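The values are calculated or read from the model by the stated rules, or taken from the named source; none is laboratory data. Computed from a prediction, not measured in an experiment: that's the story for all the values here. Using ideal geometry, Cβ is built from the backbone for each residue, glycine included, and neighbour counts are taken over all protein chains shown. Accessible surface areas use protein heavy atoms only, side chains included; no ligands, DNA or RNA. Shrake-Rupley method; radii C 1.70, N 1.55, O 1.52, S 1.80 Å.
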Amino acid sequence: MSKAEEFEVVVVGAGFAGLYMLHRLRGLGLSAVVLEAGEDVGGTWYWNRYPGARCDVESMQYSYSFSEELQQEWRWSERFASQPEILRYANHVADRFDLRRDIRFSTRVVSAAFDDAAARWTVRTEGGAVISARHCVMATGCLSNTRMPDFPGLGSFHGKSYHTGQWPHEGVDFTGLRVGVIGTGSSAIQAIPVIARQARHVTVFQRTPNFSIPSRNRAMDEEYEHSWKGDYPARRAKARQMRTGIDYPVNPTPALEVGEAERRREYESRWERGGTAFMAAFGDLILDEKANETAADFVRGQIRATVSDPAVAELLCPHNHPIGTKRICVDTDYYETFNRENVTLVDVRSAPIEAVTPEGLRTAEAGYKLDALVFATGFDAMTGTLLAMDIRGRDGLTLGEKWEAGPVTYLGLMTAGFPNLFLVTGPGSPSVLSNMIVSIEQHVDWIAGALAHAQARGIETMEATAEAEAQWVEHGNEVAQRTLYPRANSWYMGVNVPGKPQVFMPYIGGVGAYREICDAVAAKGYEGFRLEGRRVSVAAE
Ligand code: N01
């Protein structure tokens, strides 16, 4: 048995959450180590290197706000930053704040167990290292556990296959190849136009069409950059209060309260503007089916106007979920790509994929000869990475047992029975429904505040109470049920993973409202958490 190294805090993951957490822990004077499975920093932006990978939150907003110097000095080259640029930014932050010396790379955590008697976590890594820490922060990301369909014959394919979420670092040259892309989610919608410009032929295997809005990406306009940099504190403050954590124009008017011509004008102007602000065209798009249908219908009209073959256009038109209830996609030339001679769309809803063969792929209807396969088949989102580790709380209870019927947390930050285990942007928080960096900063700041509180009062353990957790889960479900979100077979609902409990995982109450709740909880001495220490014992329920 290796001897445990001791720290006050162990952080798992060196993406944007882990990097900022480490920075804050240093500020508190707490000893900390970050364990990262990848060879470098960046998390999701380290792994997702597929062609066309880009953020769908504008770069001026998808960035840290905690350092005025950092936000002034860093220059984004495009309206929506590409993966390589975001990864450079993560590296810049790691160097600028001298974070690397406390990060262990190529270190995958396999288990974390809470020792009741010592009130400490023991974290073990694949390489056999053992870390003992008072607190454990899971900064493991929400979309970090890739999902491969279990097609028969997967290993028999003679060509190369790739998953968008585990893309080779050296890149892939598709020149002259016949490429099959499986999936039409955000990743595929970004990758397909880029692959199609290089490959001999691309066959897109689509099971469910998605709604996608053009990004209208462009080089950064200096004036625009200056308008943000000159007003960053106010704009960041505004973004923190928005439902999505993004500062963009929100029209609160219900969609059916205005006439058809005005509705169309609003949709057209947002279609021209580009990006996810499309969903803020009216106040009730995510609440009212009829309102939602007006937006969905507009997008279907745009698809039909773009794609020249009417049969292909029809196949690309989503009908089985309200717009926005699956993550809305943002693209560059996605629908236009289906007008290319070298791109074929195959409907695998009517004729499902039956097997991967040595030559390519077979559906219920036909065989396809392919040289390369791209799986854009998504992730076991929000819980997959946490449950892949053997996490045990009080009395040896595993997180898998605790979350058997779906994830339950208090504020998405902690789960009862697992003292001193913090989740960053966990299920039950706005998380994937928001600008992730805004939510990450909010969570990390809150956790840092809680740790400072504990430090000042000699508190050893902090744990969500079962009652507070149950109330939060009930509130989260109730808010979700008021929306159209539960109607979609989405990864938000866990539907994409066979056997996964189907519950709406993120908190839909909005980033601003959620922040106020978290702040109020802290201001009331961490209401709903049990704080216990050797010197002090405070029941703050
Ligand atoms: O994954 P997805 P993703 N046979 O789960 C299909 C974020 N993100 O990697 O819908 C056939 O959305 C599946 O079909 P269906 C963003 O939050 C952000 O694209 O299940 N098809 C679906 O089409 C996003 O939502 C950005 O019927 C199968 C696809 O694979 C999240 O990551 C960019 C199949 C999976 O889509 C995940 O996106 C990229 C099967 N057996 C990602 N199994 C930006 O910021 C699965 N599929 C822009």
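Values as computed for the structure displayed
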| item | result |
| --- | --- |
| Principal-axis tilt of helix 436-457 within the chain, Cα atoms, nearest 10 degrees | 10 |
| Heavy atoms of Asp221 accessible to a 1.4 Å probe, total area in Å² rounded to 10 | 80 |
| Principal-axis tilt of helix 16-28 within the chain, Cα atoms, nearest 10 degrees | 20 |
| Mean projected area (nm²) of the alpha-carbon convex hull when segment 154-375 is viewed from all directions | 14.6 |
| The chain: projected area of the alpha-carbon convex hull, averaged over directions, in nm² | 25.0 |
| Relative contact order for the chain, counting Cα pairs under 8 Å that sit 6 or more residues apart, in percent | 19 |
| Phi to ³J(HN,Hα) by Karplus 6.51 cos²θ - 1.76 cosθ + 1.60 over segment 131-146, Hz, x for Gly, Pro | 10, 10, 8, 5, 10, 10, 10, 8, 10, 8, x, 9, 10, 10, 10, 5 |
| P(r) tail fraction, segment 108-153 - alpha-carbon pairs more than 14 Å apart, % | 61 |
| Pairwise label distance in nanometres, Arg108 with Gln502, each label 7 Å out on the Cα-Cβ vector | 3.1 |
| Near-label residues of segment 388-412 by backbone N, under 18 Å of a point 7 Å along Cα→Cβ of Ala470 | 402-412 |
| Normalised contact order of segment 154-375, rounded percent, pairs of Cα under 8 Å and 6 or more residues apart | 36 |
| For Ser144, distant residues with modelled amide H under 5 Å away | Met382, Thr385 |
| Derived scalar couplings ³J(HN,Hα) [segment 327-339; Karplus, 6.51 cos²θ - 1.76 cosθ + 1.60; whole Hz; x for Gly, Pro] | 3, 5, 9, 10, 9, 10, 6, 5, 5, 4, 4, 6, 8 |
| Using a Förster distance of 22 Å, the FRET efficiency for Ala118-Arg26 (Cβ separation, nearest 0.05) | 0.35 |
| Segment 390-541: relative contact order as a whole-number percent, Cα under 8 Å and 6+ apart | 27 |
| Of Lys229/Lys326; Lys326/Lys500; Lys290/Lys326; Lys160/Lys369, pairs whose Cα-Cα distance is over 22 Å | Lys229/Lys326 |
| Placed amide H near Arg49: partners under 5 Å, 5+ positions off or other chain | Trp167 |
| The chain: angle of helix 260-273 to the longest principal axis, Cα-based, in degrees nearest 10 | 70 |
| Rounded percent of accessible protein surface that carbon and sulfur make up, the chain, 1.4 Å probe | 48 |
| Average accessible surface area per residue within segment 213-352, 1.4 Å rolling probe, Å² | 48 |
| Between segment 312-383 and segment 146-162, the alpha-carbon center distance in angstrom | 15 |
| For segment 83-88, 3J(HN,Hα) per residue [Karplus equation, 6.51 cos²θ - 1.76 cosθ + 1.60, θ = phi - 60°, Hz, x = Gly/Pro] | 4, x, 5, 5, 5, 4 |
| Rough spin-label spacing in nm, given labels placed 7 Å along Cα→Cβ, for Glu126 and Ala351 | 3.9 |
| Built amide H within the under 5 Å cut-off of Arg120, gap 5+ | Asp115 |
